[in-house]
Amino acid sequence: MIAATRDVVEILFYGVIGTVTILTYRKAVATILQPLRTEVFKEQIKKMNELLDVLGSKSEVELRDDMGFPALEQANVWLMMDNYITHMFDVKIDRDKTPYSDEECPAMIADASAFRHADSATYPDPPRPPLDTSREKKEAEWRDYKHRFIPVPRKMRDHQDRIRHILGSPLLPSECATLVKEYLDLVHSNIIALRQVLAECAPLLLDKYPTLDIAERASLAWIGNSYNRRFKPLEPKATELTRFVREYFETDTLLQQARRQARSVRKRATLPNEAQDH
């Protein structure tokens, strides 16, 4: 009986010791890791702040302007028009003084088909003059125009690089990284949409601008209107990103707690000394 009691006591003793040891270990690990978690959280805040600087609380117009879409549209519309004038009227263009020059647009997106159509009406090389220089021959060739090279303005390139730099951080929450990638994919799809719009508008130049004089005085706003109808808005995805950041850091909750604490402090400060002592 005494031996059995001693065994039970020993079992309970070692069980308690084991439990205390495990709990102590867990607490020690938590204590050791806490500074690391704090530093990670601080870095996440920095990255989130960078993201909000780029995308937070901005209108559709601001988002497009920040990304450089107006400059992209201008450069590529001018490029198509210069290709048209070069092809149809044999006019030599000084491309170093255009919105799509290497200085203004240091990057370029090329369609894979461009490398299979070296003689097509594309940039940087204008089309070769056809052997048959009749207007009918030129018009037939122009109707097959494909905007295979898209000059990318410096502003757009730099803005995308900034966002990609944030995206490359391993500290960015995975869901947030997914949303950022979706935003960049949306930007890319709108760039490619411009190529499609220009290819559709190119044949219309033949009827709208049949002579060099008319072409040189052309208003091309109608092409921009066509592009705007095809453009997929950036603001909804940017708003989704902003909402994620606020929820991730529980911004609203923290602000409410801060307001409650401030009201409590002010209330205590206005109470008579006797009431505070009581």
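The values are calculated or read from the model by the stated rules, or taken from the named source; none is laboratory data. Worth saying up front: this structure is predicted, and the values here are computed from it rather than measured. No Cβ is skipped: glycine too gets one built from the backbone with ideal geometry, and neighbour counts run over all protein chains shown. To get the accessible areas, we keep the full protein, side chains included, count just its heavy atoms, and leave off ligands, DNA and RNA. Shrake-Rupley method; radii C 1.70, N 1.55, O 1.52, S 1.80 Å.
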Quiz item: What are the residues in the stretch 227-246 that are open to solvent by 30 Å² or more (accessible area, probe 1.4 Å) and either more than 30 Å from residue 49 (Cα to Cα) or not basic (Lys, Arg) (or both), if any?
Solution: 228, 229, 230, 233, 235, 236, 239, 240
Practice problem: Please tell me if residue 258 is part of a helix (DSSP H, G or I) and either at pLDDT 95 or above or surrounded by fewer than 10 Cβ atoms within 10 Å (Cβ to Cβ) (or both). | Solution: no
Quiz prompt | helices (runs of 4 or more DSSP H) fully within the stretch 125-214 counting 2 or more residues that are crowded, with 18+ Cβ neighbours inside 10 Å and under 13 Å from the mean Cα position of the chain (by Cα) | solution = 154-167, 174-201
Quiz item: Somewhere in the stretch 192-200, is a residue small (Gly, Ala, Ser) and either farther than 30 Å from residue 143 by Cα or touching a Pro at 6+ places or on another chain (Cβ under 9 Å) (or both)?
Solution: no
Quiz item: Out of all the residues in the stretch 215-226, which are among the hydroxyl-bearing types (Ser, Thr, Tyr) and open to solvent by less than 60 Å² (accessible area, probe 1.4 Å)?
Solution: 226
Quiz item: In this structure, is residue 85 more than 27 Å from residue 235 (Cβ to Cβ), part of a helix (DSSP H, G or I) and modelled with pLDDT of 90 or more?
Solution: yes
